[in-house]
Amino acid sequence: MNTYILAIETSCDETSVSIIKNGQEEIATVILSQMDTHANYGGVVPEIASRMHVENITLVIEETLKKANMKMDNITAIAVTYGPGLIGSLLIGLMAAKTLAFTYNKPLIPVHHIAGHIYANNLVKRLEFPLIALVISGGHTELIYMKEDYSFEKLGGTLDDAVGEAYDKVARVINVPYPGGPLVDKLAHQGEDTYTLPLPLDDNTYNFSFSGIKSAVINLAHNERQKGNDIVPENMATSFQNRVVEILTKKTIKALKEYNVNNLIVAGGVAANKGLREKLTEECQKNNIKLTIPEIKYCTDNAAMIGAAGYYAYKLGRRADLTLNSKASDKLN
Ligand code: KG4
Ligand code: ZN
């Protein structure tokens, strides 16, 4: 019998609902992005984000069912991102999910946002274990070892800023508008590596640190401006991106070798980064590693990934009752 998960994701500034069949097949997804609104403020304004989720969530649910040509009766279970994320935004998706679960008497499946990003890869091709997941988003930079479905062993993570956060901050310094990451990536392909920046936390651990390179960019820009010059944004973007891509690739390949794993998946918004995709593809080919990266539209926040993760959570018997609460931060589990 087929399992249809209706998934809801509202952890940040995207209101998204998706219906996923058997963890791998996308039936319908709707993503309503608030990016244009938040761009006016240079970043996501939490209060505005939650209000917009309230306005849109019912519409997005209805639209998804219509697109799938399905009714709630056809749905097996409701999966929802309970955290981590913006608490007010999470609560809207959670309330909608609880309401549906209660009204239609369906199981409620709690999904960790990062498990969702990881399982976005399952929509490309069934995950093969053991694998290493490089999780890189606006809030996370982690290397995770998975020996089977839903088993997450953290090998290392960021000690300060997440890589996406560093991208967004560097974007501001070089006067790139919000959302910074994709635009810095684009500029990096137009410039040259002319600025001397440190390779961030080049040590033997699987940890990362991006606050040093971020400060180095700020200081360089400041010094140049004091001299009456300005930095060349394209060149700064190239120099910054090269160092970041280098350290992410270096530590990821090291983990794959040390753990004797030949499956790599990449997850999170920064997985959309073209420079990183190119470098990882090259290194994985050299080292005989099977690399999976989701299509760009599934790298950033969406409910399809929550539906994919939700299916495996459902099969493992994970359930929540109506007391489920949202969490701004929570360990991946
Ligand atoms: O996963 P995501 O959509 O939201 C979180 O869960 O955090 O990731 C958003 C982050 C932002 O910091 C954004 O600037 C970054 O991913 N990002 C990129 C690119 N596309 C999105 N960073 C670098 N290069 C990109 N192409
Ligand atoms: Zn995300």
Can you pull the one-decimal nm distance between simple spin-label points at residue 230 and residue 55, each 7 Å off the Cα toward Cβ?
3.4 nm
Quote the accessible area belonging to residue 321 in square angstrom, nearest 10, computed with a 1.4 Å probe and with ligands, DNA and RNA left uncounted.
90 Å²
In nm, the gap between the two label points placed 7 Å beyond Cα toward Cβ at residue 287 and residue 323 is 4.5 nm
Is the shape of segment 230-328 rounded, prolate or oblate, going by the alpha carbon gyration tensor and its root eigenvalues a ≥ b ≥ c, with a/c under 1.5 for rounded and a/b larger than b/c for prolate?
oblate
Residues whose placed amide H lies under 5 Å from that of residue 155, excluding near-sequence neighbours
143, 144, 145
Given a 1.4 angstrom probe, I'd like the percentage of the accessible area of segment 127-283 that is carbon and sulfur, rounded to a whole number.
47 percent
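So what is the diffusion coefficient of the chain in µm² per second by Stokes-Einstein at 37 °C and 0.692 mPa s, using a Kirkwood Rh over Cα pairs? Walk me through the numbers before you get to the answer.
Working: Rh = 20.3 Å.
The Stokes-Einstein estimate is 161 µm²/s.
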Interchain or sequence-distant (5+) residues whose placed amide H lies within less than 5 Å of the amide H of residue 28 are 19
Cα to Cα, under 28 Å, and not fewer than 8 places away if on the same chain: which lysines meet these conditions relative to residue 21?
66, 67, 71, 98, 106, 125, 147, 290, 297, 315, 327, 331
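Could you list the square roots of 5 times each eigenvalue of the Cα gyration tensor of segment 52-99, that is, the equivalent ellipsoid semi-axes, sorted largest first and rounded to whole Å? Walk me through the numbers on the way to the answer.
Working: eigenvalues 88, 33, 12 Å².
Square roots of five times the eigenvalues give 21, 13, 8 Å.
At 1.4 Å probe size, with every protein chain present, just tell me what the per residue accessible area of segment 230-333 comes to in Å².
Numbers: 4530 Å² over 104 residues.
So segment 230-333 comes to 44 Å² accessible per residue, rounded to a whole number.
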Just read off the accessible area of residue 232 with the full protein assembly in place, 1.4 Å probe, to the nearest 10 Å².
60 Å²
Excluding ligands, DNA and RNA, what is the solvent-accessible area per residue of segment 79-142 at a probe of 1.4 Å, expressed in Å²?
29 Å²
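Given charges of +1 on the Cβ of Lys and Arg and -1 on the Cβ of Asp and Glu, with all other atoms neutral, how large is the dipole of the chain about its Cα centre, in debye to the nearest 20? Don't jump to the answer; show the numbers that get you there.
On the way: 33 positive and 37 negative charges, 137 e Å.
Using Cβ point charges on Lys, Arg, Asp and Glu, the chain gives about 660 debye.
Taking every DSSP beta bridge that has both residues in the chain, what percent is antiparallel when rounded to the nearest 5?
Roughly 60 percent of the beta bridges in the chain run antiparallel, per DSSP.
The values are calculated or read from the model by the stated rules, or taken from the named source; none is laboratory data. Note that the structure is predicted; figures quoted are calculated from it, not measured. Ideal geometry is used to build each Cβ from the backbone, glycine not excepted, and the neighbour counts take in all protein chains shown. Note: areas computed on protein heavy atoms with side chains; ligands, DNA, RNA excluded. Shrake-Rupley method; radii C 1.70, N 1.55, O 1.52, S 1.80 Å.
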